[in-house]
Structure formats: structure tokens, C-alpha cells
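Following: one structure in C-alpha cells, then a few remarks.
Throughout, read-outs are computed from the coordinates displayed, never taken from laboratory work. Being a predicted model, the structure only gives us computed values, none of them experimental. Using ideal geometry, Cβ is built from the backbone for each residue, glycine included, and neighbour counts are taken over all protein chains shown.
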Amino acid sequence: MIKLLYTLKKEFLLMTRDVHAVAVLFVMPAVFIMIMSLAMRDLFEQHNTVHIDVLAVSRDGGKAAQAFLKAMEDLPAFKFHLIEKEVATEQVQEQMLALDYKFALLIGENFSAFVDDKEKGKHQKPLALFVNPSVNRQTQMILTSALEGRLAKLRKDALVDRLGQLLTAAGMDAKQFKAPEEDQVEVRYAYKGTAQASAPPSAVQQSVPAWLVFSMFFIVIPISNTFISERGQGTLMRLKSMNVSRFSLILGKMIPYLFVNALQVLLMIAIGVYAVPHLGGTSLTVGDSLGGLILIAGSVSFSAISVALLIASLARTTEQATTIGGVLNIIFAALGGIMVPKFVMPGFMQEIARLSPLSWGLEGFLDIFLRHGTVSDVLPESLSLLLFGAVMLTWTIIALKKQRGV
């Protein structure tokens, strides 16, 4: 026990001498959390202040075209900029690309005739949409669906106007058919456990767990610096001559960095709860299960430290360890939904993402922060992380046994 205490004292002293490597573990995720939470804020807000600019040209001066443009202006995601109708089609495309607009909408001369179902408007499509090649397919489909929906509403209203007398004779009120269409879909958010929340998910609830898990696995930098330095200076050999077991050596290295990871969790949560709202973002909600939070945080920490110890035991230099550890961490993060959300990945990539330990940690934290889960909800991810860490730790012990002087 005394030997373990002295080993712990040694590790804490070494950590104070490598304060720059330890500081990275706190500064990096803090900066990422604040930047990404504020950058993605409007994507999660109900009152979205971000819009996509659309260049609009109306070749039809009728009331139907004016009503159509007015209806499109009500879309919060898009902002229409009307230019002169005399502009040639080629110039419309040139202006769209020059101004870096994502779309250009051309309302044809036959628009009003098409709405009124006249013969003149039946042989040519009333709308033409030019799309910037940089726009993804999903955004294009959103605008296209909105245009088609507003156009269909205009045509229905025009039909009601033409049938006005017939509807009146039949005892029906034509105004009911032209009433604004209300949203008939009630959006509800699914939460685990018994907790319920009326507020939608926020950007900070996505950013904090993602970059927290990412930074916890970067513990490989300070661990490698101290471990490889001790091995090169013969410190590990002297500890072995003092009958300090490999188990005590590994445990003495794990406990201080478990403490560091715990501080990371507390600091990142504090940034999400207090700092991000102060900068204009949304406050982080930490869920209702302290036990679940402790379990998933401890599991991620154990797994991250075990991986770091394995890399440090196999690498010959600190440069090798930090390079290998950093590259592996970035790959695991990219595959695990840290950098790119898993729901936008193709199916086979989502299956590959299940193999990343960072994905297990992220899902566990999301269960607590976002889905209001409990201990039982994070148990599968926690067990996977603990098992993965145990395998890495076993491999570390085997690697140390094969090395001389350790």
C-alpha cells in the first residue's frame, strides 16, 4: 500500500512538470465546445435566424405571381431577392454564382395562366430552379417541396374562386376551402425513463458529449510523455528492483489520470451550463441520473487510459506515441460520430461506427444529457467500454513483460 502511495505521489509530481500536455486536455475541448455550440446554435433553435439566399426573377406580372412570392417569403429558411424581370436567363445564372447564392428561381410568363388552368399555361412548366452545385441534395429537396406546396395551394384557391357560385349554391362556404393550412403534425421528443421535457435538443447538448469524449481519449499525450521518459531514464527499472509490481505501477498511473478525466468532465459540463449561455448559446441540461453520468464517465476514462498505456508501452519515443495515439483518436472520432453525425452517414458507415469506442462513449453521454437516461440505459455502452479497456490493459501487461527492465 505504501509503495502504491509513493507511486501515486510520483505521478502527480510528473504531471505538474508536464503541465502543457495536461492543459491541452482542458483547453482543446473547451474551445471546441464553445465554438461548435455557438456555430450550430441556429440549426437547433426553433426561431432560426440563418437563411439561404435565393435569387428570384418574375417574368409574370400577374397577381398570382405576386401572391406566390409573398407566400414564399414566409419560409424562415429562405430569403428571396427579387431582380428585374428583363434580365436574361444566362445573366440570372451568372449573378447567382457571382453573389454565391445557392438558388435562383425563375417564375415563367405562363405562371398566372398555369395557376388559373388556362390553355396557355399547360404546355410549359411555370417555375425553373437553378441550383448551385455546392448545395446538397437534402436542401434542394426542401426548397423544391416548399415551391410545389405553395404552387399547389395557389391552384386550389384559384379553383375555389372559379367554383364559387357552385359552392354557394350547394350550401358550402368557399372561405373554408381557402383557409390557411395549419400544421397537423405535432412534434414530440422521445426521452428514456420517466423524465419528460418540452424544450427541443440544443447544439450544446450535442457538442459537450462529443468533444468531451474526444478529449478524454487524448490522455495518451501526457501518459506517453511520462511513461516513456521514465523508461528511458531507468525509473521503471529502479521501481522493479524495489519490488513494485507491474499491477501497482499500472494502477499508480491510472488513478491520477482518472482524476484528470474527472476534472475534464466537471469543467466541460460547467462550460456547457454557464459559459455557453453567457456567450449567447443555450444552457446544457445534464439529465436526471448522477449515477448514470458517473458510470459512463468512469467507463470512458478507464478505456481511454488503457489505450494510452498500451500505446505508451509499445512506442519507442514520445513522438511515436503521440502521433499514433493522435491519429487513432482522430480516426475513431471520425468513425464514431464525433466529427460527422452518424445519422448523415450511409448505412455501411453507420455499421462501422459501432466498432469505435468513442461512439460507445458518445452514445452513453447522449443517453444522459439528451435522452434523460438512467444507469440501466448506459449500462450496455459502459460494459463495452470496460471490456475494451480490460483487453487493452491485458495487452499492456503482456507487452511490459516482454520488455527488459520493466
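Take the Cβ-Cβ distance between Ala98 and Met339 as r, set R0 to 35 Å, and report the resulting FRET efficiency rounded to the nearest 0.05.
After rounding, the FRET efficiency stands at 0.60.
Quick query: amide H of Ile52 versus all other amide H atoms, modeled in the peptide plane; which residues come in under 5 Å with a sequence gap of 5 or more or a different chain?
When sequence neighbours closer than 5 places are left aside, the close amide H contacts are Phe78, Lys79.
Among Lys63, Lys342, Lys253, which comes first, second and so on when ranked by fewest other beta-carbon atoms within 10 Å?
Lys63, Lys342, Lys253
Give, rounded to the nearest 20 debye, the magnitude of the charge dipole that the range 49-162 has about its Cα centre when Lys and Arg contribute +1 at Cβ and Asp and Glu contribute -1 at Cβ.
Approximately 420 debye in magnitude.
Using 0.36 nm per residue, how much length does the chain from Val87 to Leu263 gain when fully extended, once their Cα-Cα distance is taken away?
57.2 nm
What is the extension gain from Arg137 to Lys125, computed as 0.36 nm multiplied by their sequence separation minus the C-alpha to C-alpha distance, in nm to one decimal?
Working: separation 12, 0.36 × 12 = 4.32 nm, distance 2.14 nm.
Computed gain between Arg137 and Lys125 is 2.2 nm.
Gain in length, Val31 to Glu351, computed as 0.36 nm per residue apart minus the alpha-carbon separation, to one decimal in nm? Don't jump to the answer; show the numbers that get you there.
On the way: separation 320, 0.36 × 320 = 115.20 nm, distance 3.01 nm.
That pair, Val31 and Glu351, stretches by 112.2 nm at full extension.
Could you please rank Phe32, Phe259, placing first whichever residue has the fewest other Cβ atoms within 10 Å of its Cβ?
Phe259, Phe32
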